[in-house]
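Step one of this worksheet: look at the structure below.
The values are calculated or read from the model by the stated rules, or taken from the named source; none is laboratory data. Every value quoted in this text rests on a predicted model; they were computed, and no experiment measured them. In this analysis, Cβ positions are derived from the backbone assuming ideal geometry, glycine residues included, and neighbour counts consider all displayed protein chains. Only protein heavy atoms, including side chains, enter the accessible area calculation; ligands, DNA and RNA are left aside. Shrake-Rupley method; radii C 1.70, N 1.55, O 1.52, S 1.80 Å.
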Amino acid sequence: HRNTLRYAWPVAGRRRVPVKVHTVHSMAEKEVRGYDRALHALAFRCGVAPVAVSEKVGESLHRVYGEGAYPVIPNGIDVARFQRPGEGRASWRRREGFLATDVLIVNVGRLHRAKNQALLLEAFARGAASDPHTHLLLVGEGPERDALVQQARQRGLESRVHLLGMRRDVPDVLHAADVFVLSSSWEAVPLVSMEAMAAGLPVVSTTVGRAPVLIEEGRTGLLVPPNDEAALAEALDRLLRDTALRARLGKAAARRAENGFSQEGMVQGYSELFTALLARALRERPAQTVRS
């Protein structure tokens, strides 16, 4: 499940491990380049089974590595963990210095150009920031932190844009917020959007990766094109103006998460895949001892 094929594959080959599975969590064009991409192509031709975490990732595997069997097993989440926060909404807000009347827009993710928090900050400055009770929370760390701090300062929003760093209380943060935003330029399966939906938040998301499958436009959230500042600002303004819409989308998002995002389906998918691959290995190499 990590980008370690260059290390794991040779060892597994030397030890004659019969089944080797590599999960592709990002678009194939973005996952690896250069030497690693050539190695992945060779590994897939030599029996390593790639698994795509979304339909879009599966399509990207076909584009990069050609025709082949690329099973799709969508990621799942621990829905219950995000349904039941450890700290109540009012308590978390008091501790972090926010009022009960404040409207909190939250983004959770690595501060990286792929996540494009700079776009979100500009969209916030363009409209939502005109309400002095609205705040933008950015949860995470990454190489873009200093640039985001400077961007907020240039926009005169130092007191309204809060970089919270790495947090262990993400379920609490989500329950204390009012709107979740995914502003990514590219994604495979945006797990954090699934977590926000499980927490009952309406989601504004760019149409990246599996987001259009997870989020139903106008029912569980709002979808906007990637890298479109105006569309993102308009979607935020729409939710900030319409509290009834926020509540309706949030309730529908929670139902969608409870009914479709559980880890059980993912576990079942991998279990069936491992069983099928091992059975095939046993048929193809009957004279060899298969290690469990």
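Here are the numbers:
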{"item": "Number of positions in the range 234-264 that are among the basic types (Lys, Arg) and surrounded by 15 or more Cβ atoms within 10 Å (Cβ to Cβ)", "result": "3"}
{"item": "Unmet requirement for residue 121, which otherwise passes all of (1) open to solvent by 40 Å² or more (accessible area, probe 1.4 Å); (2) under 24 Å from residue 249 (Cα atoms); (3) of a type in the set (A, V, I, L, M, F, W, C)", "result": "(1)"}
{"item": "Test: residue in the range 14-36 that is open to solvent by 20 Å² or more (accessible area, probe 1.4 Å), farther than 23 Å from residue 272 by Cβ, among the small types (Gly, Ala, Ser) and part of a helix (DSSP H, G or I)", "result": "yes"}
{"item": "Total residues in the range 37-77, condition touching a Ser or Thr at 6+ places or on another chain (Cβ under 9 Å) and in a helix (DSSP H, G or I)", "result": "2"}
{"item": "Check on residue 126, farther than 26 Å from residue 169 by Cβ, open to solvent by 10 Å² or more (accessible area, probe 1.4 Å), of a type in the set (D, E, K, R) and in contact (Cβ under 8 Å) with a residue 12 or more places away in the chain", "result": "yes"}
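For (1) touching a helix residue (DSSP H, G or I) at 6+ places or on another chain (Cβ under 8 Å); (2) crowded, with 18+ Cβ neighbours inside 10 Å, each residue gets a yes or a no:
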site	(1), (2)
72	yes, no
80	no, no
85	yes, yes
136	yes, yes
140	no, yes
143	no, no
156	no, no
